[in-house]
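Engineer: Dropping the structure in here first, questions after.
The values are calculated or read from the model by the stated rules, or taken from the named source; none is laboratory data. Remember, predicted model here, so these are calculated numbers, not experimental data. Because the Cβ atoms are built from the backbone with ideal geometry, glycine has one as well, and the counts that use them run over all protein chains shown.
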Amino acid sequence: MTETWHHGIVATWWDEFNRDGPEIDFFRRCVEEGQPALDAGCGTGRLLIPFLRDGLDVDGCDVSEDMLERCRARAEREGLAPPSLYAQALRELDLPRRYRTVLVCGAFGLGSTRGDDRLALRRLFEHLEPGGRLVLDNEVPYAEPVPWKYWPKGERSSLPRPERDPDPSNRRRASDGFDYELRTRLLELNALEQTCRYEMKASKWRGDELVAEEEHTLDMTLYFTHELRLMLEQAGFVDIELRAGYRDEPPTVDDDFVVFVARRP
């Protein structure tokens, strides 16, 4: 079973407060160039719902049924036809349909091992029609200054980072009238294995009253650009192109995200 933190209160947070970003328009253009499409790791529908609103032919899958429930509810609230959603991990993907485009936005390496991710790429390959494209983004390991700081062994000895106390200034009001807060800290970083573990505490408040609190951990596998390109080649992909973040230009060392566009022969 893939373990992530995208359940319960965290799923509500994602649904309420994680709804925009430049990647939406970038991936929309990819879907417009090749349908039907699969949003692999669709979560609460940050990309999927706008695409369905635009009349695009897109299915979704995610390992978290909690996230999918919120995606379905949002589609219903917006008067959209019920989306085709599947609660499956990428490494176990087995869907009834094949696609011209498969998207993986912000999901690769979450709650999985390198072995899992190699299987995932193969399963994504097999769910593409011949000539179809995989479009996958990857945040480079040096993008975030906090975890990158702990790659040297002298710094890693100070982990885990100190726990933060609840802070009312960090709470956000949701559509249900409750306030929500997320507190995240880095617990471990293994530079040899290129993995890290985070703890997240999610809390729900009514004024100053704590209504509910959850604690989750997430293991992340980190990938550098050339390693991930080799993995795509080993999975069978060809004509692999790299894009700078969510722009149609080559990446540079200053780009935090690299997008891979790879074709199934």
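Engineer: Within the range 2-20, can you find the residues that are free of Cβ contacts under 8 Å to residues at least 60 places away in the same chain, over 16 Å from residue 80 (Cβ atoms) and not acidic (Asp, Glu)?
Structural biologist: Matches in the range 2-20: 11, 14, 18.
Engineer: May I ask you to say which residue of 56, 68, 38 is of a type in the set (A, V, I, L, M, F, W, C) and assigned to a helix (DSSP H, G or I)? If you could, list the steps in order and put the result at the bottom.
Structural biologist: Working: 56 fails: assigned to a helix (DSSP H, G or I); 38 fails: assigned to a helix (DSSP H, G or I).
68 is the lone residue from the list that is of a type in the set (A, V, I, L, M, F, W, C) and assigned to a helix (DSSP H, G or I).
Engineer: If you don't mind, there's one more thing I want to ask. Give me a count of the residues in the range 244-262 that are part of a strand (DSSP E or B), touching a residue at least 60 places away in the same chain (Cβ under 8 Å) and surrounded by 16 or more Cβ atoms within 10 Å (Cβ to Cβ).
Structural biologist: Total meeting the criteria: 6.
Engineer: Hey, does the range 6-20 have a residue that's in contact with a helix residue (DSSP H, G or I) (Cβ under 7 Å, 6 or more places away or on another chain) and assigned to a loop (DSSP other than H, G, I, E, B)?
Structural biologist: Within the range 6-20, one or more residues are in contact with a helix residue (DSSP H, G or I) (Cβ under 7 Å, 6 or more places away or on another chain) and assigned to a loop (DSSP other than H, G, I, E, B).
Engineer: OK, next. Can you find, within the range 115-146, the residue that is nearest to residue 104 (Cα to Cα) among those that are in contact with a strand residue (DSSP E or B) (Cβ under 8 Å, 6 or more places away or on another chain) and of a type in the set (Gly, Ala, Ser)?
Structural biologist: 132
Engineer: I want to confirm something. Restricting to the range 89-119 and keeping residues that are hydrophobic (A, V, I, L, M, F, W, C) and more than 11 Å from the chain's Cα centre (by Cα), which single residue is farthest from residue 28 (Cα to Cα)?
Structural biologist: So the residue we want is 119.
Engineer: On the basis of being in contact (Cβ under 8 Å) with a residue 60 or more places away in the chain and surrounded by fewer than 20 Cβ atoms within 10 Å (Cβ to Cβ), does residue 77 make the cut?
Structural biologist: no
Engineer: Still on this structure, please answer the following. Looking at residue 225, is it in contact with a strand residue (DSSP E or B) (Cβ under 9 Å, 6 or more places away or on another chain) and free of Cβ contacts under 8 Å to residues at least 12 places away in the same chain? First the steps, then the outcome.
Structural biologist: Numbers: in contact with a strand residue (DSSP E or B) (Cβ under 9 Å, 6 or more places away or on another chain): yes; free of Cβ contacts under 8 Å to residues at least 12 places away in the same chain: no.
Judged against the criteria, residue 225 is not a match.
Engineer: Is at least one residue of the range 211-231 in contact with a helix residue (DSSP H, G or I) (Cβ under 7 Å, 6 or more places away or on another chain) and in a helix (DSSP H, G or I)? It would help to see each step written out before you state the result.
Structural biologist: Step one: list which residues in the range 211-231 are in contact with a helix residue (DSSP H, G or I) (Cβ under 7 Å, 6 or more places away or on another chain), which gives 212, 214, 216, 221, 231.
Going one step further and asking which of them are in a helix (DSSP H, G or I), we end up with 231.
Scanning the range 211-231 turns up at least one residue that is in contact with a helix residue (DSSP H, G or I) (Cβ under 7 Å, 6 or more places away or on another chain) and in a helix (DSSP H, G or I).
For every residue, the table says whether it meets (1) modelled with pLDDT under 95; (2) small (Gly, Ala, Ser); (3) surrounded by 18 or more Cβ atoms within 10 Å (Cβ to Cβ).
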position: 206; (1), (2), (3): no, no, no
position: 209; (1), (2), (3): no, no, no
position: 212; (1), (2), (3): no, yes, no
position: 218; (1), (2), (3): yes, no, yes
position: 221; (1), (2), (3): no, no, yes
position: 225; (1), (2), (3): no, no, no
position: 228; (1), (2), (3): no, no, yes
position: 233; (1), (2), (3): no, no, no
position: 241; (1), (2), (3): no, no, no
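Engineer: Exactly one of (1) touching a helix residue (DSSP H, G or I) at 6+ places or on another chain (Cβ under 9 Å); (2) in a loop (DSSP other than H, G, I, E, B) is unmet by residue 74. Its number?
Structural biologist: For residue 74, the failing item is (2).
Engineer: Determine which single condition residue 182 fails, assuming it passes every other condition in (1) over 25 Å from residue 106 (Cα atoms); (2) among the aliphatic types (A, V, I, L, M); (3) in contact with a helix residue (DSSP H, G or I) (Cβ under 7 Å, 6 or more places away or on another chain).
Structural biologist: (1)
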